[in-house]
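Participant: Provided herewith is a single structure, encoded as structure tokens, for subsequent inquiry.
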Amino acid sequence: MKLAFPDLLRRERLVVLLALACVTAIAWRYLFIAQQAMDMMPMNTMPDMAMPFDATWVFAMWWVMMIGMMLPSAAPMILTYATVQHRKRERDEPYVPTALFVAGYLIVWGGFSLVATAAQWALQQSTFLSPTLALAPPLGGAVFIIAGLYQLTPLKYACLNHCRSPFAFVLNHWRDGWFGALRMGAGHGIYCLGCCWVLMALLFAVGVMNLLWVAAIAVFVLVEKLLPGGVWLGRIGGSAMAAFGVWLLV
């Protein structure tokens, strides 16, 4: 028996949601396992010895962390894209997997993860990072101040508005075909990166693998993007970050 259009759409949206939930759960499971492995590693206590650095593992850790933190907040955009693609298929247009849109989005965060990996390597080589992978309080305070001030800039809110308006983004940035889906996902990822990159830099201030802070930042991003008062909550959070940074400095 052929399903009606609304039933097919609901089923497809449910499949997309379940897939996103599974990928997010796997990412967080990986992070918990990675944290346990780090907790069992001996830390160098000699000040003139650099901590061990495995670039492949660190890059994988950063990318998986970005997936776990950012994919939930991108769900409305991904569902909007899937809905539009479903309607286009009803008009006998070519099938384009929603996974391509998601892949474009994650590729952008993979690029950020490369930069974060290089930054972590440089900080470890210069011994600015402690064995717990956190900056000393003065440097950490400076990062908090920068993150807080960025929360109040026009660039931040230009990017945030694109992230908070899935339908407008799809309407204004639509591209047909498989490569078009990849481009759209990457385009949304760039706006998302512009919105959140400084928040991710806070992980250097609090500990790269501090999962409590990872979860807190992920929730902050989710609230900022999805709740009706998210813009004002972001500004209040930015002011609090800057104030906390000043407290760390003094």
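Bear in mind these aren't lab numbers, they're just calculated from the coordinates by the rules spelled out. All of these numbers come straight from a predicted model, not from anything done at the bench. Cβ atoms come from the backbone with ideal geometry, glycine included; neighbour counts cover every protein chain shown.
Participant: Step through the residues of the range 224-229 one at a time and calculate ³J(HN,Hα) from phi using the Karplus curve (6.51 cos²θ - 1.76 cosθ + 1.60, θ = phi - 60°), rounding each to whole Hz and writing x for Gly and Pro.
Facilitator: In residue order, the calculated couplings are 4, 8, 10, 7, x, x Hz.
Participant: Which percent of Cα-Cα pairs in the range 129-250 sits in each 5 Å bin, short to long?
Facilitator: With 5 Å bins starting at 0, P(r) equals 2, 11, 18, 21, 17, 13, 9, 6, 3, 1, 0.
Participant: On a 0 to 90° scale, report how tilted helix 230-249 is relative to the longest principal axis of the chain, with both axes built from alpha carbons and the result rounded to the nearest 10.
Facilitator: Value to nearest ten degrees: 10.
Participant: Enter the angle in degrees (range 0 to 90, nearest 10) between the Cα long axis of helix 5-39 and the first principal axis of the Cα atoms of the chain, meaning the one along which they spread out most.
Facilitator: The two axes meet at around 10 degrees.
Participant: Same structure again: Cβ neighbours within 10 Å, averaged per peptide: list 146-153, 222-229, 67-74 in order, most packed at the top. Present the calculation step by step, with values, prior to reporting the outcome.
Facilitator: Values: 146-153: 18.0, 222-229: 15.9, 67-74: 23.1.
Ranked from most to least packed, the peptides come out as 67-74, 146-153, 222-229.
Participant: While we're looking at this one, here's another question. Given the rule -39500 (n - 2.57) for each run of at least 4 DSSP H residues, summed and divided by the residues of the chain, what is its mean residue ellipticity at 222 nm, to the nearest 500 deg cm²/dmol?
Facilitator: Values: 9 runs with 198 residues, N = 250.
Using -39500 (n - 2.57) per qualifying helix, the result is -27500 deg cm²/dmol.
Participant: Turning to a different aspect of this structure: Using a 10 Å cut-off on Cβ atoms, rank the peptides 14-26, 95-107, 155-167 from the highest mean neighbour count down.
Facilitator: The densest-packed peptide leads the list: 95-107, 155-167, 14-26.
Participant: May I pose another question? Taking θ as phi - 60°, what are the ³J(HN,Hα) couplings along the range 148-163 by the Karplus curve (6.51, -1.76, 1.60), each to the nearest whole Hz, with x for Gly and Pro?
Facilitator: x, 5, 5, 4, 9, 8, x, 4, 4, 7, 5, 5, 4, 4, 5, 6
Participant: On to the next question. Taking 8 Å as the Cα distance limit and 6 or more residues as the minimum spacing, I'd like the relative contact order of the chain as a percentage. Could the numbers behind the result be given before it?
Facilitator: Working: 281 pairs, mean separation 64.9, N = 250.
Once divided by the residue count of the chain, the mean separation gives 26 percent.
Participant: Using alpha carbon centroids, what distance separates the range 192-208 and the range 138-158, in Å?
Facilitator: Spelled out, the Cα-based centre of one part sits 10 Å from the other.
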